[in-house]
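Contents: one structure, followed by commentary.
Here, each number is a calculation from the coordinates, and none is a lab measurement. It should be emphasised that the depicted structure is a prediction, and the values quoted were computed from it without experimental measurement. Positions of Cβ are generated from backbone atoms using ideal geometry, with glycine treated the same way; all protein chains shown enter the neighbour counts.
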Amino acid sequence: MLGRYVWPTPRGVQLDVLHVLDPYLPRRVLLDVESAVVEDITTVLTDLREDYALEAPKTLIQTVTGSPHVEIIREAHERKAELIVLGMHRKRGQKTCWWALY
């Protein structure tokens, strides 16, 4: 695990955002990519919250390196996730998001 960033929040609900990074990136590049990813996720969540006048949920933004399907399943089991929402990869992904109940 590279880093965890937690937003304070009300109501006992937590949004865990997991971004899996390519393990073959050079370490110096990986740290820059991690920072950019966390900043982008934070900005998107803030914009959504402000645009729709939502309360900020307790949020954990986590980056890990590895194979996406392995890391997503591992994290879901460790956290006892009730819902997994998979977004598309910006350059190669599907044009729709897939929702899966866990």
### Query
Where in region 12-88 are there GluC sites (Glu not before Pro) that are in a DSSP coil and have at most 10 other Cβ atoms within 10 angstrom of their Cβ?
GLU55, GLU82
## Note on the structure
Here region 66-75 yields Karplus 3J(HN,Hα) values (6.51, -1.76, 1.60; θ = phi - 60°; whole Hz; Gly and Pro given as x) of x, 7, x, 5, 5, 5, 5, 5, 4, 5
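Restricting to DSSP loop positions (anything but H, G, I, E, B) with no more than 14 other Cβ atoms inside 10 Å of their own Cβ, which trypsin sites (Lys or Arg not before Pro) remain in region 51-86?
Values: sites: LYS58, ARG74, ARG79, LYS80; in loops: LYS80.
In loop regions of region 51-86 (DSSP not H, G, I, E or B), the sparsely surrounded trypsin sites (Lys or Arg not before Pro) are LYS80.
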